[in-house]
Amino acid sequence: MTIHSSRDRAMHLAAFVVAGPVSGCHGGWRHPAADTQLLSASYYTRLGQLLEQGRFDMLFLADILAIPRRYQGRMDSQLQLGALGALRLDPMIVLSLIAGATRHLGLASTISTSYFSPYAVARSLATLDHLSAGRAAWNIVTSFQQAEAANFGLTDQLSRDERYDRAEEFVEVACKLWDSWDDEALRLDAATPQFADPARVRAIDHQGKWFNVQGPLNVSRPPQGRPVFIQAGASGRGKDFAARWADVIFVTHSSLESAQAFYTEMKERAARFGRSPDSLRILPGIVPIVGETEAIALEQEKLLSDLTDPESGLSTLSYHLDIDLSQFPQDEVLPDLDVPGVQGHYKEVAELTRRSGIGLRELGHRYGIGPLRDFVGSADKVADSLQHWFEADACDGFMIQVPYLPGGLESFVRLVVPRLQDRELFRRNYTGDTLREHLGLERPARI
């Protein structure tokens, strides 16, 4: 495998955040320095401004559409322990706030193709892209939880293949709607008068298995052509979907070796879909814990570990796998399972279980703390690890899952980002205006 020089390409940094209590660590909201004003506008605008100060490519707001009740068939563990789905604000509204408080930061929202319509999603994302001057991104998810389906009047979930079939057509329709206006269709010529050129706006008249949509969209073509697409599918079908559509892939790994294998595989899959491998950015999720010294970082890691209840991690893992893990002996290893939920998370924890032999309770604790332990220590040590992964063809950058907010983010921006800049791995200043420009991606052609 070819090892790239740090000067051959730029590292990309995104932040994985939820508009709720959990980001990188399930005990993070309990940290004595954590801000618990999760329902205030200032909480989110401050995070956006911190990320822009650190020259991050984007803020990625994850989302789910129900309070998970997979573990023990109840919501209690999620609500009591402040786990993954205990509270989630609408990400598009939160991102609109942040758009007004920032100038460069990319703004990514999770939106499911299972419960919404292409027209509504295309309109919403086009609006955000215009209002942010080209900084919108869409994390495309298919959803798989019965609790989510029940909130939208459905009694059963679609099968995995059906969910991806629907998602394929959903994205195609959204792209057609964004393309229903030519770039120069909006004229705003008061003298003629001509507000918009009718010859440059057209219906899409889409008729398919899942959707019938006339169009055109009633929002002009977005500044980026279409928002940046993010995807996290790790099943065979999910990987093909990502290889066809994604600009950015978000993934989690339990080792450098698995990250390298995934990186190579996805670049090759993109090529099989007729895409340049360089048009795909792969960003593994990590939970960095950084301090002015190694001792301070290790002290923070211990504190976060002590604050993380194993049941909170098991509850979230049960949600991710779509299997109630309370049914298995808690002191025994995770059994081999046919997982209906997120394949990537199962592969991650199965690899960890095989390697370490830990029981389910300890697995829940580690899962609650966050992925990987390679990124804990002094600023130089964390920067060394980031550089090693980047130059070993394991990634194109990282999705930073901050263990607590805002302190964990402040430490990373203040301590680690300058080290990366000094090594000429990461930008000192934004050189473009749109998220596509930050990521080094071309404006997409019409489909």
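The values are calculated or read from the model by the stated rules, or taken from the named source; none is laboratory data. Predicted model only: the values in this text are computed from it and were never measured. Positions of Cβ are generated from backbone atoms using ideal geometry, with glycine treated the same way; all protein chains shown enter the neighbour counts. Each accessible area value is taken on the protein alone, full model and side chains, heavy atoms only, with ligands, DNA and RNA left out. Shrake-Rupley method; radii C 1.70, N 1.55, O 1.52, S 1.80 Å.
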Query raised in the report: Going by alpha carbons, how many degrees (0 to 90, nearest 10) lie between the helix axis of 91-101 and the longest principal axis of the chain?
Result: 80 degrees
Query - Between segment 126-165 and segment 310-365, the Cα center-to-center distance that results, in Å - result: 25 Å
Report summary line: Carbon/sulfur accessible area of segment 260-398, % of total, 1.4 Å probe, equals 50 percent
Query raised in the report: For the chain, what is the percent of antiparallel DSSP beta bridges, rounded to the nearest 5?
Result: 15 percent
Report summary line: So, with points 7 Å from each Cα along the Cβ direction, the ALA392-SER276 label distance in nm works out to 2.8 nm
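Return the FRET efficiency for the residue pair ARG414, ARG74: r is the Cβ-Cβ distance, R0 is 41 Å, and the value is rounded to the nearest 0.05. Walk me through the numbers before you get to the answer.
Numbers: r = 41 Å, r/R0 = 1.00.
According to the calculation, E is roughly 0.50.
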Query - Distance in nm between pseudo-label sites at LYS302 and ASP182 (7 Å out along the Cβ direction from Cα) - result: 6.8 nm
Report summary line: Label model pair ASP35, PHE152: point-to-point distance (7 angstrom along the Cα→beta-carbon line) in nm is 3.2 nm
Report summary line: Between the alpha carbon centres of segment 12-67 and segment 75-92 the gap in Å comes to 14 Å
Report summary line: Under the rule rounded for a/c under 1.5, else prolate if a/b exceeds b/c, else oblate, using alpha carbon gyration tensor axes a ≥ b ≥ c, segment 242-300 is classed as prolate
Report summary line: In whole angstrom, largest first, the equivalent ellipsoid semi-axes that the Cα gyration tensor gives for segment 1-119 are 27, 18, 18
Report task. Divide the volume of the convex hull of the Cα atoms of segment 47-176 by its number of residues and quote the answer in cubic angstrom per residue. Result -> 118 Å³
Query raised in the report: How much accessible area per residue does the chain have, in Å², with a 1.4 Å probe?
Result: 41 Å²
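Given a 1.4 Å probe and every protein chain left where it sits, what share in percent of the accessible area of segment 54-138 is carbon and sulfur?
For segment 54-138, the apolar C and S fraction of the accessible surface comes to 54 percent.
So if we plug the beta-carbon distance of LYS209 and SER356 into 1/(1 + (r/R0)^6) with R0 = 45 Å, what FRET efficiency do we get, rounded to 0.05? It would help to have the intermediate numbers written out before the result.
On the way: r = 45 Å, r/R0 = 1.00.
After rounding to 0.05, the efficiency reads 0.50.
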Report task. Mind jotting down the distance between the C-alpha centroids of segment 204-242 and segment 390-431, whole Å? Result -> 31 Å
**Report entry** Principal axis dimensions, the chain - Cα atoms, whole angstrom, descending
**Finding:** 72, 54, 47
